Amino acid sequence: MTPFLQENVVFREVYCFLGGNEGNASWCGGDGLLPGGFEWAAYFAAGFVIMFILVNAALLGAAVFVWSERRLLARFQARRGPNRWGPWGIFQPIADLLKLIIKEDIVPNAADRLAFTLVPIIMLMALLLSLAVMPFARNTYLVNLNVGILYIIAVSSMSTIAIFMAGWSSANKYAMFGAMRGVAMLISYEIPLVLSLVGVVLIVGSMSLVSVVEAQTVPFLLVQPLGALVFMLGISAELNRTPFDILEAESEIIAGYHTEYSGIKFALIQAAEMAGVLAASGFLATIFMGGWSGPFWSGQLGAFWFLVKLAGFVMLFIWIRATFPRLRIDQIMAFAWKFLLPLALINFLVTAVQVYFFGFYQGDVPGELTRNELWIMAAINIPVALIAIGIFGRFSREKVRVPEPVFQNIAPSPRTMEVD
Amino acid sequence: MAIRTEPVTINIGPQHPSTHGVLRLRVTFDGEVIVDVEPVFGYLHRGSEKLAEERNYVQVLTLTDRLDYVASMTNNQAYCIAVEKMLGVEAPLRGQYLRVLAAELQRAASHLVATGFLLQDLGALATPLMYCFRFREKILDLFEMLCGARITVSYMRPGGVFSDAPPDFWPALDDLMQEAPHLIQELEQLLMKNEIVLVRTKNVGVLSAESAIASSVSGPVLRASGVAWDWRKMDPYDIYDRLEFDVPVGERGDNYDRFRVRIEEVKQSLRIVEQCRDEIHPGPVRADVDAEAIDLVLERRGEAEKPLAEGPVRAELPFVLRPPAGAEAYGRVEAPKGELAFYLVSDGSIAPYRCKIRSPSLINLTVLRELLVGWKLADMIVTLGSIDINMGEVDR
Amino acid sequence: MYGFGLAKGLMVTLKNFIRPPFTIQYPEERIPQHPRFRGEEFAWYEERCTGCASCAKYCPLGIIKIVTSEGGRSPQEGGHYDIDVFDIDIGRCMFCGLCVEACPYDALFMGSGFERGRYERQDLVITVDELREAVKKPSTWFRPQLEDSGYDPHKDSALDWRAVGREKWEWHQREKAGARIKFRPARVGDKTQEGDGEARS
Amino acid sequence: MTRAVQGEELAGYVRQKFPDAVCQWKGESLWIEPSDLREVAEFLRDEPDLDFKFLNSVSAVDYVQYFEVVYHLTSLEHNHSAVVKTRLYSREAPTAQSVVAVWPGADFQEREIYDLMGVSFEGHPNLKRIMLWEGFPGHPQRRDFEDVVTY
């Protein structure tokens, strides 16, 4: 039995330490602790360790992200942000979490209890599943799926179901509004989101995220500017971030689909959302910024480069959230169908032509595009992106025209004063 | 294929993040589209008009602070003007200058709050709100210098203001005036050309001039609809006939126009403040009255005394005012929210017989239904924000 | 080009990101209060108070309760009313300051405190004993004599009853001497005020 | 400066059209018969010389013997204003004619008067309590109102 996780460093170490006497000789140095016939125990133990690390890292990351978002948002707003708990308020999310845990877990009377309770679990599950294929550093990933990109898209769509379940089972009209908006919006945004990644897949010739990183001799942000833009906007809609946060627009529908949630369920939903931003930033960094490959020491400092890029995208998300108002539901839908979808299709078309032109499939083995070819593609694609945005932006020209201020200088009517 | 839909009725408010207080809207939706709106008031009804009947004229002033609590100065001003009309007294010139100065600072502060919350309703996550409040804080600091309070000011009195500005007020005002253009410019950069703000507010909630006039709408909402009507120009009270300022007017009367008219009015207010600062001259700040008026009061009490000195004796307006019986006055100002007026009737006693408050917020809400039907939930919040109501004033 | 407005907005927020925050860390730092600030910590000078209850009458909410009793001595001997009860219910006070405005003997002053949070409503009542023992740092609100002397309740020490009265105030002395009686009140339309004194003094 | 149209001048206009509608005039005020209120209101709004298109406020005063409903009007075109009043002598069921059809801005104000003063307005589309809850005993703005509600 050769577990398919064997490429993972942590897994291999744990498995070989525990592993049985037989069957692991091919890739383990010697005998493990357990006697023969207990490979399955080693397999599960190693799997558990790696899951434990990953889940906790994700949730801790969410906590750190909550803290950093609150701090950074405060700074964008010329405030200070939480700064009482620990140095710079770093323990604030832990305090929040403690508060949420000891709060009463309210389930409305009219709620569908089962669906209501399942929601936080599904949301968190969707998030954690999507982390499985992410390469954090060289050879540091849970699994190298050959359909990695498709897997991400598929798994992250599960949160849509959770959102709808939350809205429906809460028996709250605000929650229902949020859920309906969410379903309409998220399904629309899946399409440009998928199409924006097709260009990357064409260039790389594989859906595996590991090969995406390895193929990026030039960051795909430059090679696929349109794809990156569409993916960035689409993913921020998927994550309910401003300017697409109509699912939980607090000024309109209180908290949207999680209006009725409290206590630990609320904490889990929040954690899933926050960690979702981290995961999305991670995918952006992986797909468009080269993941763990850096200017130097990519092998040793892979995790560092990855974190730097991830932090950059997280910062961008926070910055956008601090600045922009949100759009209306019909504008968001129009934006997806009339703006993002054509851009994604243009990107797809242009990339396909380029890949064909550069003779990508020569012979039987898919070859890689060379660095120079990628630079040429970047040089073509950036102007194409600008022109395409310009053309499709013109449709909304009248809507965003700024009128000149009008003044009416009324002559003051004279006052008849009696002066004694 | 026709889709069968079912209207949903939602109570938005009284506890809702963006109904600006405790307004409750009973809204019927067809999907996201509004079919019917009915505002329900009264959650902050304190009976100010009834309370005023049991308090003397100066004590009523403290009630006016609590009407529109983001624009207390103009409330004070409207009430004082009404009382002065009844008494036939006029504030001295310096008093009038100080009043106008304070009222214009208050207008700027109130419009900043309105703008900030409008953008908060748009979903801009408190960033413009914080910038607006940063500016407003500086104005409130000045109010604290003037009268020792920031929100419920009670600064003005019938016949002027209670006291002259302290000496350190003027340098602080100079600082603010230097800083203000930068702060407004920053706000404009952030918002006025922001595409998201534009698509959300332009051509949404259009109010025609005719229906604005018919519905007695006043203030920036009326002006945004293209009606150049400003009581400061058309019926100048205090010293507004001495000041130069423009009246910003909107083109179409949509949310964007209302929002822009407010920003422009902030600039005009600062212009007025600058003029007041430069033109103000020393002098008394509270009206003096002839001693006979006080004698009358004493006589009514049966305590008439001989005049203290030869010639006309003047004294400050007494604390307890008694306008002549049967006197009535309709004192109005152009408050930040619109035409704020006090209709006072006197029966010769120390308390007003009737004190009717014409609150702009309540009457501006008349057009709410007209503006909202057919629009979406998100537009409803923005339109409500652009009307700029204050529940303290709506419910009184 | 589209999106410039958005980019400008991003630049504005970035600029503010670099600037220091404008909020303050409240219990440690405080916004400087003006001497005119109207707060609780009322300063009441028993020596000046005659128990006339003007403040109680003018309070719009009627939250001041005053009970007096005759002192032992006759007025010729310098006797006056004893103040037995002087309760100010801060829980309902709105700090309008009309009580201070009404006091004819400069016996009551606003204070500068604002942190009287209590768990019980009755703890919010300031009693006469509390008023007697309080550190008296009067606010200069409606007390021009204090303002003219440059008194700042946040920096200067507590004031004695002899130091707060209007009789010490020179301007008032002049007024009593008749300086103000001859003054003609300014009306709108008077253009003759230029030149007397510096502008906005 | 907004010119206050004197009651006498206004009465001259109104009497040409409605000879019986005017009760009296004094100073700036003009008193109108409550039964003619709506026609007079329409006339005041549509007469080009008067042009009172803007209704500032509707107030009601309880003079114990009678209720007085006061309309403050402004013409935005001519920049003049007028005060029109009407007296209702019933204590139990004072009824005036509603002017909502003439000036929609009177809507909430008439409801408020109905709520707090107990003056009902004939022809109002939605006359119900606005500030207080349905079932509140009495009308608190009246001079003889006694607080019967105990909390």
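The values are calculated or read from the model by the stated rules, or taken from the named source; none is laboratory data. What you see is a predicted model; the values in this text were computed from it and never measured. Neighbour counts are summed over all protein chains in view; Cβ atoms, including those assigned to glycine, are modelled from backbone coordinates with ideal geometry.
Filtered by the rule that a residue be outside any loop (DSSP other than H, G, I, E, B) and buried (at least 24 other Cβ atoms within 10 Å of the Cβ), the range B:250-267 gives B:ASN255, B:TYR256, B:ASP257, B:ARG258, B:PHE259, B:ARG260, B:VAL261, B:ARG262, B:GLU265, B:VAL266.
Take the residues of the range D:39-90 that are among the aromatic types (Phe, Trp, Tyr) and either more than 19 Å from B:ASP347 (Cα to Cα) or assigned to a loop (DSSP other than H, G, I, E, B) (or both): which is nearest to the chain's Cα centre (by Cα)? Selected residue: D:TYR71.
In the range C:2-24, of all residues being assigned to a loop (DSSP other than H, G, I, E, B) and more than 7 Å from every other protein chain (Cβ to nearest Cβ), the one that is nearest to C:VAL67 (Cα to Cα) corresponds to C:ILE24. Among the residues of the range C:77-104, write down those that are at pLDDT 85 or above and among the β-branched types (Val, Ile, Thr). If the condition is that a residue be at pLDDT 85 or above and among the β-branched types (Val, Ile, Thr), then C:VAL85, C:ILE88, C:ILE90, C:VAL100 are the ones that fit.
Filtered by the rule that a residue be without any contact (Cβ under 8 Å) to a residue 40 or more places away in the chain, within 30 Å of B:VAL83 (Cα to Cα) and either touching a helix residue (DSSP H, G or I) at 6+ places or on another chain (Cβ under 7 Å) or within 12 Å of chain A (Cβ to nearest Cβ) (or both), the range B:1-52 gives a lone residue, B:LEU51. Of the residues making up the range B:360-372, just one is within 9 Å of another protein chain (Cβ to nearest Cβ) and of a type in the set (Ser, Thr, Tyr), namely B:THR366. For the range B:67-89, the candidate set comprises residues that are touching a helix residue (DSSP H, G or I) at 6+ places or on another chain (Cβ under 6 Å), within 14 Å of chain C (Cβ to nearest Cβ) and in a loop (DSSP other than H, G, I, E, B); within that set, the residue that is surrounded by the fewest Cβ atoms within 10 Å (Cβ to Cβ) is B:TYR69. Could you check how many residues of the range D:27-62 are farther than 24 Å from B:LEU340 by Cα and among the aromatic types (Phe, Trp, Tyr)? The number of residues fulfilling the criteria is 2.
Taking A:ILE203 as the residue in question, decide whether it is over 18 Å from the mean Cα position of the chain (by Cα) and hydrophobic (A, V, I, L, M, F, W, C). Can you show your working first?
On the way: over 18 Å from the mean Cα position of the chain (by Cα): yes; hydrophobic (A, V, I, L, M, F, W, C): yes.
Here the answer is yes, as A:ILE203 does meet what is asked.
Checked against the criterion of being within 11 Å of chain B (Cβ to nearest Cβ) and under 16 Å from B:ALA214 (Cα atoms), the candidates D:VAL100, D:VAL70 yield just one match: D:VAL100. Exactly one residue out of A:ALA110, A:ALA78 is hydrophobic (A, V, I, L, M, F, W, C), assigned to a loop (DSSP other than H, G, I, E, B) and surrounded by fewer than 16 Cβ atoms within 10 Å (Cβ to Cβ), and it is A:ALA110. Checking the stated criteria, B:LEU93 turns out to be in contact with a His (Cβ under 9 Å, 6 or more places away or on another chain), within 14 Å of chain A (Cβ to nearest Cβ) and at pLDDT below 85.
Would it be correct to say that C:LEU124 is closer than 21 Å to C:LEU98 by Cβ, modelled with pLDDT of 75 or more, in contact with a Gly (Cβ under 8 Å, 6 or more places away or on another chain) and away from every other protein chain (no Cβ under 14 Å)? Judged against the criteria, C:LEU124 is a match.
Total residues in the range D:34-57 satisfying the condition of being more than 12 Å from every other protein chain (Cβ to nearest Cβ) and touching a strand residue (DSSP E or B) at 6+ places or on another chain (Cβ under 6 Å): the figure is 4.
Being of a type in the set (Asp, Glu) and either closer than 17 Å to B:GLN106 by Cβ or away from chain D (no Cβ under 13 Å) (or both) is the filter here, so list the residues in the range B:320-348 that pass it. Of everything in the range B:320-348, those that are of a type in the set (Asp, Glu) and either closer than 17 Å to B:GLN106 by Cβ or away from chain D (no Cβ under 13 Å) (or both) turn out to be B:GLU334, B:GLU339. The residue list A:GLY167, A:GLY199 contains one member that is within 14 Å of another protein chain (Cβ to nearest Cβ), assigned to a helix (DSSP H, G or I) and either surrounded by 18 or more Cβ atoms within 10 Å (Cβ to Cβ) or out of contact with any Gly (no Cβ under 6 Å at 6 or more places or on another chain) (or both), which is A:GLY167.
Residues that are in a loop (DSSP other than H, G, I, E, B), within 14 Å of chain A (Cβ to nearest Cβ) and either crowded, with 24+ Cβ neighbours inside 10 Å or more than 22 Å from the chain's Cα centre (by Cα) (or both) do not occur anywhere in the range B:152-175. Checking A:ALA137, A:ALA162, A:ALA95, A:ALA126 one by one, the residue that is surrounded by 18 or more Cβ atoms within 10 Å (Cβ to Cβ) and more than 26 Å from A:TYR43 (Cβ to Cβ) is A:ALA162 and no other.
Can B:LEU125 be described as of a type outside the set (Phe, Trp, Tyr), in a helix (DSSP H, G or I) and crowded, with 19+ Cβ neighbours inside 10 Å? No: the conditions fail for B:LEU125. Residues in the range A:236-270 that are surrounded by fewer than 24 Cβ atoms within 10 Å (Cβ to Cβ) and among the aliphatic types (A, V, I, L, M) were compared, and the one that is farthest from C:ALA7 (Cα to Cα) is A:ILE264. In the set C:ASP196, C:ASP190, only one residue is closer than 28 Å to B:PRO92 by Cα, away from chain A (no Cβ under 14 Å) and modelled with pLDDT under 50; that residue is C:ASP196.
Pairing each residue of the range B:118-147 that is over 29 Å from A:ARG241 (Cα atoms) and more than 7 Å from chain A (Cβ to nearest Cβ) with any residue that is polar (S, T, N, Q) and assigned to a helix (DSSP H, G or I), provided the two are 6+ apart or on different chains, yields C-beta distances under 8 Å for B:ILE139/B:GLN106; B:PHE143/B:GLN106. Cβ separations smaller than 6 Å between residues 6+ apart or across chains give the following pairs from the range D:118-143 residues that are at the interface with chain B (Cβ under 10 Å from one of its Cβ atoms) and free of Cβ contacts under 8 Å to residues at least 40 places away in the same chain to residues that are surrounded by fewer than 19 Cβ atoms within 10 Å (Cβ to Cβ) and not in a loop (DSSP other than H, G, I, E, B): D:PRO140/B:LYS50.
When the residues of the range C:148-157 are filtered to those that are modelled with pLDDT of 75 or more and within 18 Å of C:VAL100 (Cα to Cα), the one that is surrounded by the most Cβ atoms within 10 Å (Cβ to Cβ) is C:PRO153.
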